[in-house]
1. Classify the range 68-134 from the C-alpha gyration tensor, please: rounded if a/c falls under 1.5, else prolate or oblate depending on whether a/b exceeds b/c.
2. Please list log₁₀ I(q)/I(0) at q = 0.08 Å⁻¹ for the chain, using the Debye equation with identical point scatterers on the alpha-carbon positions.
3. Just the ratio, please: alpha-carbon radius of gyration of the range 56-208 over 2.2 N^0.38 Å, N its number of residues.
4. Rounded to the nearest 20 Debye, what is the dipole magnitude of the range 259-347 about its Cα centre when Lys and Arg each give +1 and Asp and Glu each give -1 at the C-beta?
5. Decide, for the range 275-344, between rounded, prolate and oblate: order the square roots of the alpha carbon gyration tensor eigenvalues as a ≥ b ≥ c, take rounded if a/c falls under 1.5, and otherwise choose prolate if a/b is larger than b/c, else oblate.
6. Report the antiparallel proportion of the DSSP beta bridges in the chain as a percent, rounded to a multiple of 5.
7. If you take the charge dipole of the range 265-323 about its Cα centre, with +1 on Lys and Arg Cβ and -1 on Asp and Glu Cβ, which of Val321, Val274, Ile302 is farthest toward its positive end?
8. Among 159-166, 141-148, what's the highest-first ranking by average C-beta atoms within 10 angstrom per residue?
Amino acid sequence: MNFAAAYITEMRPQDILMPGPAGLCCKPGGFHIDPVRPVERAVITHGHSDHARPGHGAVLATQETLDMMRLRYGDNFAGSTQAIAYGEQIKLGDVSIKFHPAGHVLGSAQIAVSCEGTCIVASGDYKDAPDPTCAPFEVVPCDVFITEATFGLPVFRHGNAADEIKKLLASVALFPERSHLVGAYSLGKAQRVIALIREAGYDAPIYLHGAMEKITRYYESRGVALGDLRMVKGMKKADLAGTITLAPPSATSDIWTRRFPDPVTAFASGWMRVRARARQRGVELPLVISDHADWDGLTATIDATGAGEVWVTHGQEDALVHWCTAKGLTARPLDLVGYGDEDESDPVPADEDTEA
Ligand SMILES: [Zn+2]
């Protein structure tokens, strides 16, 4: 190898992607990934509101993510938009980027950024567990893997979501005179829970809080079969006995629940592994169902990518950094602010019909 070639291959990862006040910045490509402040060019991993914010100049994302942003923010959520498909490669400035499924929610993507022989994968939020409502997570070999750490502690093992749904259906069978109210984040979790209920063989109507209608109908329009769905609004209290209703987590603890006969309150979240959290929220039936990888999922994924360097962000960074270091990998926490876990932040929007 001649001297010039050696020089060219020595692009350091931090010259390609660098955390900044607006989020992860790619200088040679002239864009930010999931920026938390308005920027000129944004590349967005998925539709959750902490990753997909309005007000950017240009937005590049999957069609589903763009559609979800349009549903939430209106037609003028960005100056311009461009849709990119999984597996498609696009050149931006001096880098090329490629989208791969992240298995988190419909349209969610990992973004592989390649520059002069170095590949960095920004995985956004992801899970390696099966989900009938979105494309399965794909392992992308890379030099640097950027991983979330929402459940980055060995205590977090989510188990099988289908078993949690069995618990819900057993409770429905046991208490035919009561209604079941399942708190689930409106984008992704709710549709996954409905699809899992259908997979378990339950084919009665499932009821929805009004705040979930638009996004759930959108999932159906993209070919996700969810069976007979009805709105709670206008239903008589007595007719809701023995039924299942999905609602944003915040709605399951407010006055809205008075329309249900003696409701059993459930909550579908990875946090339900922590009994104190369930108690604190007054959850009678905790369902451990998460759209984030658990400890085993995080560590298995890091292994599978073959990355020699791991950057850990949003969540419990320390334990995962320690795990990587013990394995001989270079690892560091990324100081990115503004990302949270959606299960902990799903207020019913003021403009949605909270009476529904
Ligand atoms: Zn997310």
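1. Values: a/c = 2.55, a/b = 1.15, b/c = 2.22.
Since a/c reaches 1.5 but b/c is at least a/b, the shape of the range 68-134 is classed as oblate.
2. These q points yield log10 I(q)/I(0) values of -0.40.
3. Details: Rg = 18.9 Å, N = 153, 2.2 N^0.38 = 14.9 Å.
Dividing the Cα radius of gyration by 2.2 N^0.38 Å gives 1.27.
4. Working: 8 positive and 15 negative charges, 64 e Å.
With Lys and Arg at +1 and Asp and Glu at -1, about 300 debye.
5. On the way: a/c = 2.71, a/b = 1.99, b/c = 1.36.
Prolate is the answer for the range 275-344, as a/c is 1.5 or above and a/b outweighs b/c.
6. On the way: 21 of 62 bridges.
Around 35 percent of the beta bridges assigned by DSSP in the chain are antiparallel ones.
7. Final value for the positive-end residue is Val274.
8. On the way: 159-166: 15.6, 141-148: 23.4.
Going from most to least packed, we get 141-148, 159-166.
Quick note: the coordinates plus some simple rules give every number you see, no bench work behind them. The shown structure was predicted, so the numbers you read here are calculated from the model rather than taken from an experiment. No Cβ is skipped: glycine too gets one built from the backbone with ideal geometry, and neighbour counts run over all protein chains shown.
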